[in-house]
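Undergrad: Questions regarding the structure given below will be posed in turn.
Read-outs throughout are calculated quantities, based only on the coordinates presented, and are distinct from any laboratory measurement. Being a predicted model, the structure only gives us computed values, none of them experimental. Neighbour counts are summed over all protein chains in view; Cβ atoms, including those assigned to glycine, are modelled from backbone coordinates with ideal geometry.
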Amino acid sequence: MKIGDLKLKNPFFLAPMHQVNDIAFRILCKQNGCGLTYTWLINPLTREELILDDKPAVQIAAPSEKGIKEFIKKYENKASLFDFNLGCPAVRAKEQDYGAYLQRYPSKVEKILKTMKNSTTLPITVKVRKSPHIPKLMKIFDKYCNAIAIHPRTAEQGYSGIPDMEFAEKIKSKTDLPVIYSGDVDENNALEVLKKFDFVMIGRKAIGNPAIFSKLIRSKASGHAENQRFSSIAGNAQKLGISGTPKTWNVFHQYLKLAQKYKIGFSDIKFHALNFTKGMDGAKKLRLEISKAREIKDLKLLFER
Ligand SMILES: Cc1cc2nc3c(=O)[nH]c(=O)nc-3n(C[C@H](O)[C@H](O)[C@H](O)COP(=O)(O)O)c2cc1C
């Protein structure tokens, strides 16, 4: 199982997600066996110092090749591969001609991917959305990339509506490159999707649930989907009258330990804390308490055993 020369342990990847995939969350997913984690989209001209101790796939988003060579040289030793974003549907992307909106300019896309390929020996991938421009771009991808990730919704669809799997299958049939499928993949359908594609990305279903990766790995080994949910509830949740069992591991404390090590901001920690309550009976009450938290100490109390 490879993308270029990069060997992958399994076909279950964490999809790039803006303001979700901080390093603590990526490490948590990796600890649960995730085959490859992604950063969120990063402008190569950023002045921010990236912390990439976990060697993720680093996703670049830009309207031109400006700064890409320097960015790749700077982070080459800390990345598993470099991905280029041709899927971002945001208004800002539309205004600045990057993400999904750059697909309209094949010559710009070619310049960028060529620059990426010439800047590193690491694999280069692209992540695209469905659009009428894809057939034209395929030749460029085949020339410069080692894999294609496809989220087959249009930019207009955003994250709703049914992803067009047939569109993704057409891409798969037109290239020899490995294809990574993204869009509503979960523990129930991942194995089916993998009959059609080389890899799958899990996005929203991994938020608050990094254990989805260990479940998927076990499902793959046993050949069928596993429905049991890992609980992430801890002691004080019970004191609040919230049902559920404090289970084998406490995902919040694992996340918090990493988040403190990497100095993740409090609002991001709170975001993940809120999501770790997903799927619990009566989680509303705990979420209300979490939303009132003003500092880490408050959160720790709520999740105390
Ligand atoms: C909060 C959020 C942020 C996202 N940020 C990115 C991003 O930075 N780069 C990217 O290529 N896709 C991004 N996506 C799209 C996901 O990678 C994925 O393709 C999409 O959510 C469909 O997969 P899912 O149904 O498993 O969530 C984002 C999605 C969400 C929900």
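Undergrad: Which pairs break 19 Å Cα to Cα here: LYS174/LYS196; LYS205/LYS261; LYS30/LYS285; LYS55/LYS130; LYS215/LYS261? Could the numbers behind the result be given before it?
TA: Working: LYS174/LYS196 13 Å; LYS205/LYS261 25 Å; LYS30/LYS285 30 Å; LYS55/LYS130 28 Å; LYS215/LYS261 27 Å.
Among LYS174/LYS196; LYS205/LYS261; LYS30/LYS285; LYS55/LYS130; LYS215/LYS261, the Cα-Cα distance tops 19 Å for LYS205/LYS261; LYS30/LYS285; LYS55/LYS130; LYS215/LYS261.
Undergrad: Take every DSSP beta bridge whose two residues both sit in the chain, then give the antiparallel share in percent to the nearest 5.
TA: 5
Undergrad: How tilted is helix 106-119 with respect to the longest principal axis of the chain? Cα atoms for both, answer in degrees (0 to 90, nearest 10).
TA: Taking Cα atoms only, the helix is inclined about 70 degrees.
Undergrad: Also, quick follow-up: Once you put a point 7 Å from the Cα of LYS297 and another 7 Å from the Cα of HIS18, both along the Cβ direction, what distance in nm separates them?
TA: My value for the distance between the label points is 3.5 nm.
Undergrad: Run lengths n ≥ 4 of DSSP H only: what is the helix-derived mean residue ellipticity at 222 nm for the chain, with -39500 (n - 2.57) per run over all residues, to the nearest 500?
TA: Mean residue ellipticity at 222 nm (helix-derived): -10500 deg cm²/dmol.
Undergrad: Using a Förster distance of 30 Å, how high is the FRET efficiency between LEU6 and ILE162, based on the Cβ-Cβ distance and rounded to 0.05?
TA: Numbers: r = 31 Å, r/R0 = 1.04.
With a Förster radius of 30 Å, E is 0.45.
Undergrad: For a quick check of your reading of the filter: which chymotrypsin sites (Phe, Trp or Tyr not before Pro) in the stretch 141-219 sit in a DSSP loop and have no more than 14 other Cβ atoms within 10 Å?
TA: Listed in order of number, the matching sites are TYR159.
Undergrad: Just to check, using Stokes-Einstein with a Kirkwood Rh over alpha carbon pairs, what's the diffusion coefficient of the stretch 2-222 at 25 °C and 0.890 mPa s in µm²/s?
TA: In µm²/s, the coefficient is 143.
Undergrad: Also, I was wondering about something else. Relative to the longest principal axis of the C-alpha atoms of the chain, give the angle of the C-alpha long axis of helix 212-222, reported between 0 and 90° and rounded to the nearest 10°.
TA: 80
Undergrad: Give the relative contact order (percent, whole number) for the stretch 91-186; include only Cα pairs under 8 Å separated by 6+ residues. Provide the component values of the computation, followed by the final result.
TA: On the way: 116 pairs, mean separation 22.8, N = 96.
Computed value for the stretch 91-186: 24 percent relative contact order.
Undergrad: Could you tell me the distance between the Cα centroids of the stretch 255-276 and the stretch 68-82, to the nearest Å?
TA: 26
Undergrad: Within the stretch 1-78, report the GluC sites (Glu not before Pro) that DSSP leaves as loop and that have at most 13 other Cβ atoms within 10 Å.
TA: Those satisfying the criteria are GLU48, GLU49.
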